[in-house]
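**Student:** The structure's right below; bear with me while I get my questions together.
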Amino acid sequence: MANMNLLQAINNALDIAMAENDRVLCFGEDVGHFGGVFRATSGLQEKYGKPRCFNTPLVEQGVIGFANGLAAQGSVPIAEIQFADYIFPAFDQIVNEAAKFRYRSGNEFNVGNLTIRTPYGGGIAGGLYHSQSPEAYFAHTPGLKVVVPRNPYQAKGLLLAAIREEDPVIFFEPKRLYRASTGEVPEQDYQLPLGKAEIVTQGTDISLLAWGAQMEHIEKAAELAKADGISCEVIDLRTILPWDVETIAQSVLKTGRLLISQEAPLTAGFASEIAATIQQECFLHLESPIERVCGLDTPYPLALEKEYAADHLKVYEAIKRSINY
Amino acid sequence: MANMNLLQAINNALDIAMAENDRVLCFGEDVGHFGGVFRATSGLQEKYGKPRCFNTPLVEQGVIGFANGLAAQGSVPIAEIQFADYIFPAFDQIVNEAAKFRYRSGNEFNVGNLTIRTPYGGGIAGGLYHSQSPEAYFAHTPGLKVVVPRNPYQAKGLLLAAIREEDPVIFFEPKRLYRASTGEVPEQDYQLPLGKAEIVTQGTDISLLAWGAQMEHIEKAAELAKADGISCEVIDLRTILPWDVETIAQSVLKTGRLLISQEAPLTAGFASEIAATIQQECFLHLESPIERVCGLDTPYPLALEKEYAADHLKVYEAIKRSINY
Amino acid sequence: MNTDVYNEGPVVHEPVFIDGHSVEIPILKILQLDGSLYPNAKLPLLDQALATKVYKTLAFHRVLDERMVAAQRQGRISFYMSALGEEAASVGSAAGLEPQDMIMAQYREQGALMFRGFSLEQFMNQMFSNEKDLGKGRQMPIHYGSKELNYMTISSPLGTQIPQAAGYAYGQKLQGLDAVTICYFGDGAASEGDFHAGLNMAAVHQVPVIFFCRNNGYAISTPSSEQYVGNGIASRGVGYGIKTIRIDGNDILAVIKATQMAREYVLAENKPVVIEAMSYRLGAHSTSDDPSGYRTREEEAKWQENDPILRMKNWMLGNEWWSEEQEVELFEKLREQVLAAVKVSEKIAKPSLESLVTDVYHDVPHHLQVQLEQLKEHIKKYPDDYPISAGRL
Amino acid sequence: MNTDVYNEGPVVHEPVFIDGHSVEIPILKILQLDGSLYPNAKLPLLDQALATKVYKTLAFHRVLDERMVAAQRQGRISFYMSALGEEAASVGSAAGLEPQDMIMAQYREQGALMFRGFSLEQFMNQMFSNEKDLGKGRQMPIHYGSKELNYMTISSPLGTQIPQAAGYAYGQKLQGLDAVTICYFGDGAASEGDFHAGLNMAAVHQVPVIFFCRNNGYAISTPSSEQYVGNGIASRGVGYGIKTIRIDGNDILAVIKATQMAREYVLAENKPVVIEAMSYRLGAHSTSDDPSGYRTREEEAKWQENDPILRMKNWMLGNEWWSEEQEVELFEKLREQVLAAVKVSEKIAKPSLESLVTDVYHDVPHHLQVQLEQLKEHIKKYPDDYPISAGRL
Ligand SMILES: Cc1ncc(C[n+]2csc(CCOP(=O)(O)OP(=O)(O)O)c2C)c(N)n1
Ligand SMILES: Cc1ncc(C[n+]2csc(CCOP(=O)(O)OP(=O)(O)O)c2C)c(N)n1
Ligand SMILES: [Mg+2]
Ligand SMILES: [Mg+2]
């Protein structure tokens, strides 16, 4: 075990993957010698050589197109998009290409080896274009897997699983936690399962569900609620697509209440999918409406980002609303 | 009044808009002399000249980028994307640019004059890439308006409203109905309101909600249900974003049941947003879980498109499920 | 100045603009319209056996296109795209490659797949979306693909294969394979952002890829004059620092020659090449299109005289590698074979219901298993409404 | 062959490849490093008044950048981007335009905005995201914009303004305005798909736009050698059939001259122009960056000697349009003004809570009114946790 921050855990996972399999490549804008603007790929070019860890020209659609080609060829590309806000020029290569590659060819070809890493999320004074949480855009796309870790331990285990997964995975990294979140991480190789939510804290009165950096807020809110005698079951969804309906439904059957919190705007966010499914799965057991505590339905602001965010206080209020319904 | 098919109604709306305001321009791939691959812009170049109705090079990100620039300048661009399946290369120009233009500039600049027209939907033996219904991808984007008409009368009135609206609008045209749907359409200018759902048939037992070509299926299912003595309230959402919570909630408060049907895959589709919101708005009045009858969570197939589709029979079965819950 | 960033040119003290005329682009031609060689022309590596294979492939191509356009008119298939008049570009370039080279095509390069040996039955099964289609009946007709033949399954969104080809070739280079990638695209697709991405990345990352542009003068109804104003697509190669050649795309020998040389170069140097093959789309864009809406019969007639197959035939006849008797026999046989194959393929069952949910992921995830089960139950309830599947549940 | 599609070049019978060396690109220089003119150099239209305005703008630019980088280090603003060493490109090009011309910049062209007369207070208010910011405190520092000054608000996603500029200029042309658009972008942004889209569309649709590439050798840590292998960005102009010129971007007179000529041409001909200004990003990419991780001090030192402001100063002194006394006085005054302005702007209140939901749409829709009301209630409950807004509800 070593104490690592989230960036170090990512870097460590990449290192293990590259050491194990020389078909693993890391690339993207500034990913090479410099190690990425956040330094997630730091040291990898020195260790594995420029052909396996390199800068690309500044063109996201090219980065992912190139990665798709590599994956189809049998290489194992790990492409970085510098900020999730800049993933949209690659949207076609992800949604029309990567997601549909295996299906459209009748499994003659596939890009299952593809992993896309990208820092997402707000709370870092980044304004409109360095704060977005675009997971829901990808969640409507059969063929993709979408994963979001909440801390260094999760990040390493989930990233290693994502790299080895035989489906294309988008791995959203909570950049607010890159250095802020630290913890014990095994130095050796390990994987955490994709497609499985994790119950972080058991509880009986209400289920709280989030992913990534938003976990902090629901955990804090659960603490506040505890002082009021409310027992929260805190769950980390971990994989957005395909998501773990079973674990969430079981929890809600037990608690009778569900609150989902996401950083992204409310409307058509992934919380909506969860609420829609769970109201169906648990209809007769719900004691209050499923609550969604989300970003406002606006672009991400700068000066008022604190007001905008779905913070622990808003979650806490919603918990009380749900309990007192 | 004249009998028009949906394409003629669109063409007629464009004609009225171009005649009224010489800043209105229509362009896109093959939109000029040829009049578009579906002929929606037929005759417009002849009538208004090449500078106002023209072919663009084959580059969707360019078409929308160019349109954004025109709109910011004070022109009134109506850009066509040849198939909604090909809108994704323009995703960044739509989601990061058009949607955020006014907000990010503090209203110094805006692209409110922009309208994007694009044919969407399946059931035409189009397979993966000529069948998609991507409205949900845009519904998670504050700043955009998203509109889908169900017939010629709606198409003309909603398109004229969209063109004149001071916000960027994506106008999805149900291409399966381009020639199949005909009806009486006033020859003169008229508008239908954006942001308002329409109750197409009053009913008491269950609310059925859809949009665009999917309306046919729920109307047919309502007929089948009627024979069983079930009274369906049939609603056309018409505008996906911002959507008319009020009308839907009122209907569900009355009927106690809601079924939403969409062509697109189930997961994270717009039906999920509606279900999530209505379970909250109408919690104590729901007599059964909100049903979603949608496409499978797969790409759009070819040989088995009939099996894939959320057709009237699947809707009918879901109505019965809801009633007998 | 920082001369990493650009090549030093002359220093001037009043403004001088360069433009499209600043670069002269020669065009390679080997075979004259009458089938004789240009004097001093350098032939590609090509013996009688290869030439005959090429010619037979061209003939197969012409016949299949002709018959399938007719089959579409008869309502037997839903859609087709012919390559009438530009068959030499795809067939000739495939003939200039090795079987292990990856082909990433746009959609009008069935000729390359024919050359590789995709069988008539395989073509048919794809077009009839039956259960023997390698693509499992999921994509529209003409979206072929074959792992065995190193022919990447066609994807409708234009231009997406261009950066993918750069990546594919990077993998080939890294693994030290004796294999290159060829990437086909049209004059229209070259306008997509992915074109820019793919060519620039291939140049920067030094990969063995041949970018083969079929410039056939149109993108559906849009003539090249409304697609670009540069000197064709070739002039862009200069901007990316990529070795570039323009050829007569209806001259099969020029196509083979340029491709052979390009292959040698890209493999040896690990650098891309651009080939721009000038041709003309003599047929409609697809069976959904009617070109009379946007171009004249005269223009078409002019190009009818530039038939690449006839040109090759005349050369073959001149070489005594082919005879008029063989010609008649070949075309007759091909027509029969195609008709017979249509009749077989259209009777083969459609893919199973399971094929709706497989291959979305490597394994069928739980939610898709559930969706499939529900669908089965539903179809059992309404068997008459789902005739394709109901009988086989 | 179809000569609509390409320009006829010589016919060859064995393969000839063209490449990056096929086009020679001259570079325009007017002012020597020591501030004297090259012999025979053609001056731009420029009298003492304009030259002085340009020089003062450069000085303001230098001082503002210097001070704001320092302010960021002190934690007074969150972020800054300086244009150290490449100020001449943006200031000079703005000086070659008319006020009614639209400027669509990337982010490192504050010089053009300064030239247009954006006030020190306006810069400050934007950087401090206070309620007087024209952008209402929504974007990060340096994302300026002003309708009044025809300076489009900066957008972080790179390259998006390029096709937008083509569209903007098309509108100007259609309305017959005496106005053009200038579109700035970096050597990095020129790799984006939107670059390809924008340049090709501008060429095809014949619009009065000047594409101004600031080639400063780096995109964050990525040197140009890993960004492209062509001959700079200028060589791409050829491919699009766009008149193109390369200039010394640190030579203010070359910048003004080329822009003046380009403006005249694009307006008269309704055709685009590409200007590639060669320079060097002497500072860090932004205050979040540390260039020592990817380049040497020596390289930087070399470029330090190529200071565009010093070069202009020497020319001004030589002309007796400027004196050392004026110099000292100007810089002193500017530093004072900037410091004073910081102190004022940082105390101005942040934008109101309402600004969270306005301008998403033309009117605030019902659901956003509801979200705002709920937020107000929430903040009233926890005033201490939202200190910026709580006091003003
Ligand atoms: C991204 C995208 N946009 C639009 C289309 C629709 N479309 C199909 S083929 C075509 C024209 C392509 O022209 P070109 O590349 O010249 O190839 P050609 O048909 O001439 O062989 C268009 C616009 C598409 N398939 N994909
Ligand atoms: C679409 C997009 N991708 C990535 C980024 C992150 N980014 C900001 S600036 C920059 C480098 C730009 O380099 P260049 O265009 O050369 O301009 P310079 O900074 O040298 O002035 C990058 C990669 C971005 N803003 N937008
Ligand atoms: Mg073409
Ligand atoms: Mg740069």
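**Student:** Does C:Gln110 meet the test of being in contact with a Leu (Cβ under 8 Å, 6 or more places away or on another chain), within 30 Å of C:Gln175 (Cβ to Cβ) and buried (at least 18 other Cβ atoms within 10 Å of the Cβ)?
**Tutor:** Answer is yes for this residue.
**Student:** What is the residue count in the range D:206-233 for residues that are part of a strand (DSSP E or B) and either away from ligand 2 (no atom under 11 Å from the Cβ) or within 19 Å of the chain's Cα centre (by Cα) (or both)? I'd like the intermediate steps shown before the answer.
**Tutor:** Within the range D:206-233, the subset part of a strand (DSSP E or B) is D:209-215, D:218-219, D:222-223.
Of the ones still in play, those that are also either away from ligand 2 (no atom under 11 Å from the Cβ) or within 19 Å of the chain's Cα centre (by Cα) (or both) are D:209-215, D:218-219.
Of the residues in the range D:206-233, 9 are part of a strand (DSSP E or B) and either away from ligand 2 (no atom under 11 Å from the Cβ) or within 19 Å of the chain's Cα centre (by Cα) (or both).
**Student:** Looking only at the range C:168-212, count every residue that is away from ligand 1 (no atom under 16 Å from the Cβ), hydrophobic (A, V, I, L, M, F, W, C) and farther than 11 Å from C:Val266 by Cβ and tell me the total.
**Tutor:** Count: 5.
**Student:** With the checklist (1) more than 25 Å from B:Val111 (Cβ to Cβ); (2) surrounded by 12 or more Cβ atoms within 10 Å (Cβ to Cβ); (3) without any contact (Cβ under 8 Å) to a residue 60 or more places away in the chain in hand, flag the one item D:Arg335 doesn't pass.
**Tutor:** Only one criterion is unmet by D:Arg335, namely (3).
**Student:** On to the next question. Against the definition (surrounded by 22 or more Cβ atoms within 10 Å (Cβ to Cβ) and more than 27 Å from the chain's Cα centre (by Cα)), how does C:Ile30 come out, yes or no?
**Tutor:** Against the criterion (surrounded by 22 or more Cβ atoms within 10 Å (Cβ to Cβ) and more than 27 Å from the chain's Cα centre (by Cα)), C:Ile30 does not qualify.
**Student:** Still on this structure: Just checking, which of A:Ala222, A:Ala197, A:Ala275 is within 24 Å of D:Gln374 (Cβ to Cβ) and away from chain B (no Cβ under 14 Å)?
**Tutor:** Sole residue among the options that is within 24 Å of D:Gln374 (Cβ to Cβ) and away from chain B (no Cβ under 14 Å): A:Ala222.
**Student:** C:Asn215 is checked against (1) farther than 16 Å from C:Cys183 by Cα; (2) within 15 Å of ligand 1 (Cβ to nearest atom) and fails just one. What number does that condition carry?
**Tutor:** It is condition (1) that C:Asn215 fails.
**Student:** Here's a follow-up. Among the numbered conditions (1) without any contact (Cβ under 8 Å) to a residue 40 or more places away in the chain; (2) buried (at least 24 other Cβ atoms within 10 Å of the Cβ), tell me where B:Leu258 comes up short.
**Tutor:** With respect to (1) without any contact (Cβ under 8 Å) to a residue 40 or more places away in the chain; (2) buried (at least 24 other Cβ atoms within 10 Å of the Cβ), B:Leu258 is out only on (1).
A quick yes/no check of all residues on (1) farther than 25 Å from A:Ala90 by Cβ; (2) over 21 Å from the mean Cα position of the chain (by Cα); (3) more than 9 Å from chain D (Cβ to nearest Cβ); (4) not basic (Lys, Arg):
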site: B:Asn107; (1), (2), (3), (4): yes, yes, no, yes
site: B:Gly127; (1), (2), (3), (4): no, no, yes, yes
site: B:His130; (1), (2), (3), (4): no, no, yes, yes
site: B:Glu135; (1), (2), (3), (4): no, no, yes, yes
site: B:His140; (1), (2), (3), (4): no, no, yes, yes
site: B:Val147; (1), (2), (3), (4): yes, no, yes, yes
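**Student:** Can you tell me which of (1) acidic (Asp, Glu); (2) assigned to a loop (DSSP other than H, G, I, E, B); (3) more than 10 Å from chain D (Cβ to nearest Cβ); (4) in contact with a Ser or Thr (Cβ under 9 Å, 6 or more places away or on another chain) is the one C:Glu24 doesn't meet?
**Tutor:** The one condition C:Glu24 does not meet is (3).
**Student:** Quick one: count up the residues across the range C:198-228 that are under 17 Å from D:His196 (Cβ atoms), away from ligand 3 (no atom under 16 Å from the Cβ) and touching a residue at least 40 places away in the same chain (Cβ under 8 Å).
**Tutor:** Count: 4.
**Student:** Which ones in the range D:262-276 are in a helix (DSSP H, G or I), in contact (Cβ under 8 Å) with a residue 40 or more places away in the chain and at the interface with chain C (Cβ under 10 Å from one of its Cβ atoms)?
**Tutor:** D:Ala262, the sole residue that qualifies.
**Student:** Follow-up. Here are the criteria: (1) assigned to a helix (DSSP H, G or I); (2) farther than 24 Å from C:Val328 by Cα; (3) of a type in the set (D, E, K, R). Tell me which single one C:Arg76 does not satisfy.
**Tutor:** Failing condition for C:Arg76: (1).
Table: residues versus (1) of a type in the set (Ser, Thr, Tyr); (2) touching a Cys at 6+ places or on another chain (Cβ under 9 Å); (3) free of Cβ contacts under 8 Å to residues at least 60 places away in the same chain.
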| residue | (1), (2), (3) |
| --- | --- |
| B:Ala2 | no, no, no |
| B:Ile10 | no, no, no |
| B:Ile16 | no, no, no |
| B:Val37 | no, no, yes |
| B:Thr56 | yes, no, yes |
| B:Val59 | no, no, yes |
| B:Phe66 | no, no, yes |
| B:Ala72 | no, no, yes |
| B:Ile94 | no, no, no |
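**Student:** Inspect all residues belonging to the range C:240-252 and state whether any of them is within 11 Å of chain D (Cβ to nearest Cβ), over 24 Å from C:Leu45 (Cα atoms) and not in a loop (DSSP other than H, G, I, E, B).
**Tutor:** Among the residues of the range C:240-252, at least one is within 11 Å of chain D (Cβ to nearest Cβ), over 24 Å from C:Leu45 (Cα atoms) and not in a loop (DSSP other than H, G, I, E, B), which makes the answer yes.
**Student:** If you check A:Glu291 against the conditions, is it touching a helix residue (DSSP H, G or I) at 6+ places or on another chain (Cβ under 7 Å) and away from chain D (no Cβ under 12 Å)? First the steps, then the outcome.
**Tutor:** Working: touching a helix residue (DSSP H, G or I) at 6+ places or on another chain (Cβ under 7 Å): yes; away from chain D (no Cβ under 12 Å): yes.
Yes.
**Student:** Is it true that some residue in the range B:202-216 is in contact with a Cys (Cβ under 8 Å, 6 or more places away or on another chain) and surrounded by fewer than 24 Cβ atoms within 10 Å (Cβ to Cβ)?
**Tutor:** Checked against the condition, which is being in contact with a Cys (Cβ under 8 Å, 6 or more places away or on another chain) and surrounded by fewer than 24 Cβ atoms within 10 Å (Cβ to Cβ), the range B:202-216 yields at least one hit.
**Student:** Kindly indicate which of D:Asp187, D:Asp178 is surrounded by 24 or more Cβ atoms within 10 Å (Cβ to Cβ) and among the acidic types (Asp, Glu).
**Tutor:** D:Asp187
**Student:** Within the range B:38-69, track down each residue that is part of a loop (DSSP other than H, G, I, E, B) and either more than 7 Å from every other protein chain (Cβ to nearest Cβ) or surrounded by fewer than 22 Cβ atoms within 10 Å (Cβ to Cβ) (or both). Spell out the reasoning first.
**Tutor:** Taking the range B:38-69 first, the residues part of a loop (DSSP other than H, G, I, E, B) are B:38-43, B:49, B:56-59.
Of everything in the range B:38-69, those that are part of a loop (DSSP other than H, G, I, E, B) and either more than 7 Å from every other protein chain (Cβ to nearest Cβ) or surrounded by fewer than 22 Cβ atoms within 10 Å (Cβ to Cβ) (or both) turn out to be B:Phe38, B:Arg39, B:Ala40, B:Thr41, B:Ser42, B:Gly43, B:Gly49.
**Student:** A follow-up question, please. Would you check if there is a residue in the range A:163-174 being basic (Lys, Arg), in contact (Cβ under 8 Å) with a residue 24 or more places away in the chain and buried (at least 23 other Cβ atoms within 10 Å of the Cβ)? Step through it out loud before you land on a result.
**Tutor:** First pass over the range A:163-174, keeping only residues basic (Lys, Arg): A:164.
Those still in the list that are in contact (Cβ under 8 Å) with a residue 24 or more places away in the chain too: A:164.
Filter once more, keeping what is buried (at least 23 other Cβ atoms within 10 Å of the Cβ): none.
Checked against the condition, which is being basic (Lys, Arg), in contact (Cβ under 8 Å) with a residue 24 or more places away in the chain and buried (at least 23 other Cβ atoms within 10 Å of the Cβ), the range A:163-174 yields no hits at all.
**Student:** I've got another one for you. Test A:Val146 against the stated conditions and say whether it is in contact with a strand residue (DSSP E or B) (Cβ under 6 Å, 6 or more places away or on another chain), β-branched (Val, Ile, Thr) and either surrounded by fewer than 23 Cβ atoms within 10 Å (Cβ to Cβ) or free of Cβ contacts under 8 Å to residues at least 60 places away in the same chain (or both). It would help to see each step written out before you state the result.
**Tutor:** Numbers: in contact with a strand residue (DSSP E or B) (Cβ under 6 Å, 6 or more places away or on another chain): yes; β-branched (Val, Ile, Thr): yes; either surrounded by fewer than 23 Cβ atoms within 10 Å (Cβ to Cβ) or free of Cβ contacts under 8 Å to residues at least 60 places away in the same chain (or both): no.
The answer is no for A:Val146.
**Student:** Within the range A:53-108, work out how many residues are under 20 Å from A:Phe38 (Cβ atoms) and of a type in the set (A, V, I, L, M).
**Tutor:** Number satisfying all stated conditions: 11.
**Student:** For the range C:338-364, what are the residues that are of a type outside the set (A, V, I, L, M) and surrounded by fewer than 19 Cβ atoms within 10 Å (Cβ to Cβ)?
**Tutor:** Matches in the range C:338-364: C:Lys343, C:Glu346, C:Lys347, C:Ser352, C:Glu354, C:His362, C:Asp363.
**Student:** Pairs only if they're at least six apart or on different chains, beta carbon under 6 angstrom, first in the range C:278-303 and of a type in the set (Val, Ile, Thr), second not in a loop (DSSP other than H, G, I, E, B); list them, first residue then second.
**Tutor:** Sorted first by the residue in the range C:278-303, then by its partner, the pairs are C:Thr287/C:Gln72.
Quick grid of which residues meet (1) of a type in the set (A, V, I, L, M); (2) modelled with pLDDT under 95:
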site: D:Ala202; (1), (2): yes, no
site: D:Val207; (1), (2): yes, no
site: D:Gly217; (1), (2): no, no
site: D:Val238; (1), (2): yes, yes
site: D:Asn250; (1), (2): no, no
site: D:Leu253; (1), (2): yes, no
site: D:Asn270; (1), (2): no, no
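**Student:** Among the strands (runs of 3 or more DSSP E) lying completely within the range B:190-239, list those that include at least 3 residues that are acidic (Asp, Glu), at negative phi and touching a residue at least 40 places away in the same chain (Cβ under 8 Å).
**Tutor:** Numbers: elements: B:198-201, B:206-210, B:232-236.
It comes to none.
**Student:** Just checking, does the range D:167-188 include any residue being within 7 Å of another protein chain (Cβ to nearest Cβ), within 15 Å of ligand 2 (Cβ to nearest atom) and either free of Cβ contacts under 8 Å to residues at least 40 places away in the same chain or not in a loop (DSSP other than H, G, I, E, B) (or both)?
**Tutor:** yes
The values are calculated or read from the model by the stated rules, or taken from the named source; none is laboratory data. Everything quoted here is computed from the prediction, not taken from an experiment. Positions of Cβ are generated from backbone atoms using ideal geometry, with glycine treated the same way; all protein chains shown enter the neighbour counts.
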